[in-house]
Amino acid sequence: MFSLRALTLTMVLAGLATTAAGDVPRPEVKAYKGETCVEETGFMRRNHMELILHQRDETMHRGIRTTKHSLKECIECHADPQTRSVLGENGFCQSCHSYAAVSIDCFSCHTPKAREQSAAVEKRP
């Protein structure tokens, strides 16, 4: 009988074999500006959501605005120059989130369209 550790190791190795064989294409990480990211790639893959949430708290709740981990700065480097977006089938954020089967809700607020809608609501009598 397999132990939990042996089963986990088997699953991990099977996943590596599948990836190595090319059966599961990994998303392409694209940066259009800058020499390097603000953090090492592996760190960003593991921790980007925590950084975004921390930055949100610092900005929105404490009024501290920095650029190192700001969503705006991420988009500046990773947005496709033609579409000016990180969304869409091959978009920086969308490709990884689709691969990981995770939905993105950041851009329900952080888009020019959302800003236009917000401004229209504020102008109502």
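Any read-out appearing in this document is the output of simple, stated calculations on the displayed coordinates, not a laboratory observation. Source: prediction; values computed, not measured. Counting neighbours? That spans all protein chains shown, and the Cβs are built from the backbone with ideal geometry, glycine included.
Number of Lys-Lys pairs in segment 26-123 with C-alpha atoms under 20 Å apart and a separation of 8 or more places or on different chains: 6.
So, by mean Cβ neighbours within 10 angstrom, what's the order for 75-83, 55-63 with the highest one leading?
Listed from highest to lowest mean packing, they are 75-83, 55-63.
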